[in-house]
Every structure is written in structure tokens, then in C-alpha cells.
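Data first, discussion second: the structure below is written as C-alpha cells.
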Amino acid sequence: MRLLTALLLLCGFVLAGCGGSGSDTNVSVLGSWTGEEEASFRAVLADFEKRTGIHVDYTGTRDARAVLASELHDGHPPDTAVLANIGDLRRYAAGGDLRPISGVPQGTDNGLTTAAGPDGGRRPYGIVVKATVKSLIWYNPRTIPSGLRDRLTAPPRSWDDLAKATAATGARPWCLGFADTSNSGWPGTDWIEDILLHESGPEVYDAWVSGRLPWTSEPVRNAWRAFGSVVGGARGGTKGILLTGYGQAGAPMFTDPPGCLLEHAGSFVTGFYGQAASRPQAGRDYDFIPFPGRRAVEIGGDVLGVFRDTPAARRLISYLTTAHAQEIWIKRAGSGAFSLNRAVPPDHYPDRLSQRIAQTLTSAQTVRFDASDSMPTVMAAAFDHAVLEFVADPKDGRLDSILTALDQVRRTTRFPS
């Protein structure tokens, strides 16, 4: 009996040492970051390990979503995981898979990652490790007509002001490309989301994202109509929009003469600009203005959630959103990372363009997650498809049937809180 007891105790010690739920020396992270993104994240983790003595076991795979689903099904999830979007966070929280978090530093906007868990409360269930700023309109200062450039120097106050300024050029000003191997159409959803957020405000936006506002409502319909005017003023017409990859849409801004003048895209687009044959330079060959209207910014974000509430996981969560950890991300060349921690000064970013994007983010009165990323998967997929349908036939009559169909999906879809 003594031998059996000793063996059982030994097994218990071995399991505890292998990073079980009570471990305070190891933490596992599953994520989709590979390549340069993984290298940047590992630089952050190396500092955490040095400071705490906690070992981080990071697994990076482009199939992270499927791997996480499989591990949850088997009952062996990682301690923490980077989720594909905010919609996944809310779904996992509602299903009881995620654990609420605490200990996030002041100055970080936790309201972006609140969700209703199985107890019905609204608490943070994740942290935004790094953000992409989306509400930006890009142009080439060297080739844009002087009249339009002057109008952009003192940024338009509303979408109507910008629409009138572009119409005055007499050209097809917009660079659009909605093709993407995995989910074509999403750049168009970004357009509609920004128009709705900046023209109708965050309350209307939130009601729409949460499934409380019909797609057939006037604010949503008006956003689609404004988007239709952009489609009508796009280089290449319908065929060009549907067949051009989102990363190549802005390339004609750098030709002589330019093939288009303006592009609506997130901060990530500078990586594609740098690949153009003319090797354009930030500030000289491309610059941006914030999306006109309310002082609001839409973001995309990499969200980390806790699936096993261990002491080590809690310490990692607390660390990752600190100004110190965030600055490791943002100072790495080409990381494209932006911080939601307002304690990170804009002048700590590595170049003038990044500093101005950071200033746009930190000075915003309203910050919201990308709407389609926040919606249930079936609703987001229907939104992508509807954009492609509308681009193929952007008429009011066609819009009525598209919005009615989207509202049917809304009524039959469960929206997590």
C-alpha cells in the first residue's frame, strides 16, 4: 500500500511539473503568427520569460482556428490562444470555453473585448495584443491633382465633402480590389462599416453589429448607397474590382500617369505599397487622411483569450498589454503593430507615418472593432457575398433585394452579446 501511495504521489508531481492547470512556471499559447509576425511575438515573449522565469510554449500555425477547435473537442485546450476575430471571442465566451480576465493595465480599452459569458455578465474575455488601424484613405501626393490635394490637406469634415471633392476631378478616382483567395469581398465590407460608423455614429453601428438594427434600416441603406457611388467611381469598373487582389488595388497610384488617385485601406497596406516597382517612399509617394466624419476609428485586432486559468496565464495576460511589452512590438521594423494602450506615446513608433497613424488612433473619441469580424460567422460570410453581388450590379433595385436577404440571415442567426 505504501508503494502504491508513493507511486500515485510521484505521478501527481510529474503531471504538475508538466504544466497542468495549476502550473505557475509554464504557459502555452496557440496562434496564427508565423514568419516575421512570429519573430516579433517571440521577442516579446523572450522579455516576459526573462522578467518572470515563466517558460512560454508558443505554437504558430495558419490552421490555428481548426487546431483550437480540435483541442477543445478533445478536452485539452491550450492555456491561451490568439483568436481569429472578436466574433470568435464572444462565441467562446458565451459557450463557457473562455475565462474572464483581470489585471489589465489602466489606459487599455477593455470595452472592446467584453462579452456575455455563461453567467450573463459583461466582463473582458480577451486582450488586444496588437491592432491594425483601418479608417484611413491613402493617396500619392506627387501625382494627385493639385485641387484635390489642397482639399485633402485640410481634411474633409464629412463623407459628402470628400465625395464632392473627388467628383470635381472628373476622373474615376478610387482604387478598388476585392479579390482574396479565402474570402473575397471583405474590403467592401470595410467601406460600408466606415461610412456607417462615421456618418451615423457608434450607437447605430453597435446596434447593427449586435443584430438589433435591421439591414433594411435607413442608416444601413444609406451607407450602401454611398458605397455604390464609390463603386461607380472606381478604376476598371465592375470586372476590375472583382478580379483585382486587395493588395494590388493601390498599385496604379504609383504609375505615370496614375491609374487611380485614392484608396481606402488599413495600415497594413503600406507593406504592399513597398512592393511596387517604383519603390515608393512613405510621406513622399504615399500619405493618408483619416476617414472623414466623426472622430472614430475602426480597427482589426489580434485578440488573446484564456482557456485555462493558470497563474502563469494570468501573468502573461497582465504583461502583454503593458506599455513596455507593446513597445517591443511597435519598434520592430515592419511589424505593422499598433497599440491600444494609451500610455504608449505616438512618438515611440519607428517612423513619421506610423507616428501619425498612432496619433489618429489615440486621439479618436470612438474605437470600434471591424463589424464583420464581430458578427457571427454565417452573418459575416453573407455580408462578404452581398458586397460581391452589389458590385456586380450596383443599382437601387438590386440593393433592396440584397438588404432584404441579409436581414433574413440576421433574423435567423444567434448573435452573442
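For segment 140-147, backbone phi angles converted through the Karplus equation (6.51, -1.76, 1.60; θ = phi - 60°) give residue-by-residue couplings of 9, x, 7, 10, 6, x, 4, x Hz, Gly and Pro being listed as x. Counted by Cβ distance under 12 Å from Arg157, the other residues give a net charge of +1, where Lys and Arg count +1 and Asp and Glu count -1. Segment 116-135 and segment 298-358 have Cα centres separated by 15 Å. Its relative contact order, with pairs defined as Cα atoms under 8 Å and 6+ residues apart, puts segment 99-215 at 13 percent. Straight-line reach from Lys50: taking Cα to Cα under 16 Å and skipping same-chain neighbours fewer than 8 places apart, the aspartates and glutamates in range are Asp24.
If you wrap a convex hull around the C-alpha atoms of segment 306-417 and split its volume per residue, what is the figure in Å³?
Hull volume normalised by residue count: 179 Å³.
How high is the relative contact order of the chain? Use alpha-carbon pairs under 8 Å, at least six apart in sequence, and give a whole percent. If you can, show how the numbers build up before the last one.
Working: 720 pairs, mean separation 108.8, N = 417.
It rounds to 26 percent for the chain.
Put simply, the amide H of Asn26, placed in the peptide plane, has neighbours under 5 Å in His55, leaving out anything fewer than 5 places away on its chain. Most tightly packed first, judged by the mean number of other beta-carbon atoms within 10 Å of their residues, the peptides 358-367, 186-195, 75-84 read 186-195, 75-84, 358-367. What is the calculated FRET efficiency for Glu218 to Thr143, with r their C-beta to C-beta distance and R₀ = 41 Å, to the nearest 0.05? Using R0 = 41 Å, I get an efficiency of 0.60. For segment 139-292, the Stokes-Einstein estimate of translational diffusion at 20 °C and a viscosity of 1.002 mPa s comes to 132 µm²/s, using the Kirkwood hydrodynamic radius over alpha-carbon pairs.
Taking label points 7 Å from Cα along the Cα-to-Cβ direction, Asp351 and Ser363 give a separation of 2.1 nm. Ala234: net charge of surrounding residues, Cβ under 13 Å, Lys/Arg +1, Asp/Glu -1, itself excluded? After counting each charged neighbour, the total is +2. In summary, the lysines within cross-link reach of Lys164, defined as a Cα separation below 23 angstrom excluding same-chain residues under 8 places away, comprise Lys134, Lys395. Computed over the alpha carbons of segment 97-166, Rg followed by Dmax gives 20.6, 58 Å. Think of each Lys and Arg Cβ as +1 and each Asp and Glu Cβ as -1; about the Cα centre, that makes the dipole of the chain roughly 460 debye. Taking amide H as placed 1.01 Å from N in the peptide plane, Tyr58 has its amide H under 5 Å from the amide H of Val29, each at least 5 places away in sequence or on another chain. Across all directions, the average flat footprint of the convex hull enclosing the Cα atoms of the chain is 21.9 nm².
Note on the chain: helix-only mean residue ellipticity at 222 nm, from DSSP H runs of 4+ residues weighted -39500 (n - 2.57) and normalised by residue number, equals -13500 deg cm²/dmol.
Taken together, the values in this text are just the output of simple stated rules run on the coordinates, not laboratory data. None of these values were measured; they are calculated from a predicted model. When we count neighbours, we look across all protein chains shown, and the Cβ atoms used for this are built from the backbone with ideal geometry, even at glycine.
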